[in-house]
Amino acid sequence: MKIELNKIDEAQARSLPDGKFGFGRTFSNHMLTRQYSGEGGWEDAQIQPYGPISMSLSMSVFHYAQEIFEGTKAYRRPDGKINLFRIDQNIKRFNRSAKRMELPQMDEEEHLEAIVKLIELDHEWVPSQPDSSLYIRPTLVCSEETIGSLNGNEALFFILLSPVDPYFANGFAPISVFVEDEYVRAVRGGVGEAKTGGNYAASLHATDKAIKAGYKQVVWLDAIERRYVEEMGGMNICFVYGNKLVTSPLTGTILPGVTRDSLLILAKDLGYETEERMIDIDELLADIKSGACTEAFACGTAAVIAPIGKMGYKGEDVIVNNNEVGSVTRHLYDELTGIQFGRIPDRFGWTLTIG
């Protein structure tokens with residue numbers, strides 16, 4: 001694949017901001033775009049200055065939400081080089097989502113090349129501050145100018161880079177969550193396991209309701225019985241029972257998280273047991289009250305691990321581990337972020353180093 005480069009004028013180039021970045025609000029100097037057509041396939045990619053592009057209001061994505069995206073990060077190592085973490089898994093998941101949404105798949109090596117080339121150009125935007133990183137957002141939208149055909153014959157692929165702080169403002173600290181039993185996020189046979197924007201749009205109303213009630217996020221139950229825990233917001237969710245890590249199975253309604261998979265592998269390596277099973281919400285809360293379930297946390301690329309200190313359900317708040325970060329949660333967090341940032345050896349071959 002050829003990548004055409006149109007660098008930003010040095011006089012207009014911006015530097016990595018000092019201080020706080022927030023999450024997803026600041027973007028690097030460049031972006032990458034690539035076009036697809038049913039007749040010609042994928043065109044060469046272009047790296048150009050970050051900024052607006054011209055898009056027709058009749059593009060299918062605006063009317064039928066035919067789009068997907070991924071989320072991964074670049075991490076600054078102690079030696080100044082840059083780590084990508086299990087990027088191959090994000091690229092594979094991108095293609096699975098594309099297939100589900102009737103969008104063109106991309107060669108995995110070309111997808112990786114595009115990410116690496118863009119980061120090499122904007123490498124100074126990978127933060128050195130503790131717990132900060134460069135968020136990578138590959139996106140694919142149906143760009144066909146029609147409000148009738150949904151076959152995805154034309155598509156636009158692009159990559160944005162954004163320096164970010166921890167997803168939650170308080171960093172690695174317990175959050176409160178609200179268990180939603182009225183609204184649902186996804187149902188089996190739907191698109192819950194695809195990383196498409198409609199899943200997140202469907203969650204906004206319930207999330208807003210939870211925030212107004214004083215919670216930080218929503219825990220979703222299954223769509224049929226409103227009984228089994230599935231995930232939290234856009235993240236997978238895990239519970240600690242003594243020396244065992246328990247999480248919901250991948251039934252097609254929740255995203256197969258790269259962080260989730262990594263933690264299951266890492267936990268076994270560290271001597272913990274792991275179990276994937278249906279988790280009844282009433283039994284879970286009873287286990288938390290009795291002390292059988294000792295810790296809870298959500299996990300995903302954005303937050304890595306978000307400890308849960310309080311769960312609200314049907315008018316009752318149940319406190320988890322005295323609203324403190326548990327020892328198992330902290331152990332997993334320290335080990336995983338240690339590998340991501342290159343502070344400890346990568347014994348799994350998960351990282352790709354740039355520079």
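General observations
- So residue 48, is it closer than 20 Å to residue 104 by Cβ, touching a strand residue (DSSP E or B) at 6+ places or on another chain (Cβ under 9 Å) and in a strand (DSSP E or B): no
- Of everything in segment 340-349 that is more than 24 Å from residue 239 (Cβ to Cβ) and among the hydrophobic types (A, V, I, L, M, F, W, C), the residue that is surrounded by the fewest Cβ atoms within 10 Å (Cβ to Cβ) is 344.
- Looking across segment 101-135, the residues that are under 18 Å from the mean Cα position of the chain (by Cα) and part of a helix (DSSP H, G or I) come down to 111, 112, 115.
- Figure legend. Inter-residue proximity from segment 1-15: first residues at pLDDT 95 or above and exposed (fewer than 10 other Cβ atoms within 10 Å of the Cβ), second residues part of a loop (DSSP other than H, G, I, E, B) and of a type in the set (Val, Ile, Thr), beta-carbon distance below 7 Å, spacing 6+ or different chains. No pairs are indicated.
- Candidates are the residues of segment 248-268 that are in a loop (DSSP other than H, G, I, E, B) and small (Gly, Ala, Ser); the one that is farthest from residue 349 (Cα to Cα) is 252.
- Conditions (1) within 23 Å of residue 256 (Cβ to Cβ); (2) touching a residue at least 60 places away in the same chain (Cβ under 8 Å); number of the one not met by residue 161: (1)
- Of the residues contained in segment 55-74, none is found to be over 30 Å from residue 253 (Cα atoms) and of a type in the set (Val, Ile, Thr).
- Residues that are more than 26 Å from the chain's Cα centre (by Cα) and part of a loop (DSSP other than H, G, I, E, B) were ranked within segment 294-339; the one that is surrounded by the fewest Cβ atoms within 10 Å (Cβ to Cβ) is 315.
The values are calculated or read from the model by the stated rules, or taken from the named source; none is laboratory data. Everything numeric here is computed off the predicted structure, so don't read it as measured data. Every residue, glycine among them, receives a Cβ derived from its backbone with ideal geometry; neighbour counts consider all protein chains shown.
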